[in-house]
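Student: After the structure tokens below, expect a handful of questions from me.
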Amino acid sequence: MSFQYAPTLRLYQNLYDCLSDPGELDVIDAIRAAEIHTACSERCQPRRRAQQTIASARSTEVERRPKADQLAE
Ligand SMILES: [Zn+2]
């Protein structure tokens, strides 16, 4: 295998570029991208990825809540 650039550095750079899709983001990168691109249009690729990741993270969180409510009763 040939040497590869540090993927985190590459991903971090892509987060700043509105025109390049950064790929799937983890929640930390999604929050960072959302902050960077908060004023961007819906055509901004990192912003769209960030919203997808944050939305799916939230829905996972909601799925966990009923269990916590059951424990409380
Ligand atoms: Zn942007």
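The values are calculated or read from the model by the stated rules, or taken from the named source; none is laboratory data. These numbers were taken from a predicted model, which means no experiment stands behind them. Cβ atoms come from the backbone with ideal geometry, glycine included; neighbour counts cover every protein chain shown.
A quick yes/no check of all residues on (1) hydroxyl-bearing (Ser, Thr, Tyr); (2) at pLDDT below 90:
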residue: Gln4; (1), (2): no, yes
residue: Ile31; (1), (2): no, no
residue: His37; (1), (2): no, no
residue: Ser41; (1), (2): yes, no
residue: Glu61; (1), (2): no, yes
residue: Arg64; (1), (2): no, yes
residue: Asp69; (1), (2): no, yes
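Student: For region 32-43, how many residues meet the condition of being crowded, with 19+ Cβ neighbours inside 10 Å and near the ligand (Cβ under 7 Å from one of its atoms)?
Tutor: 1
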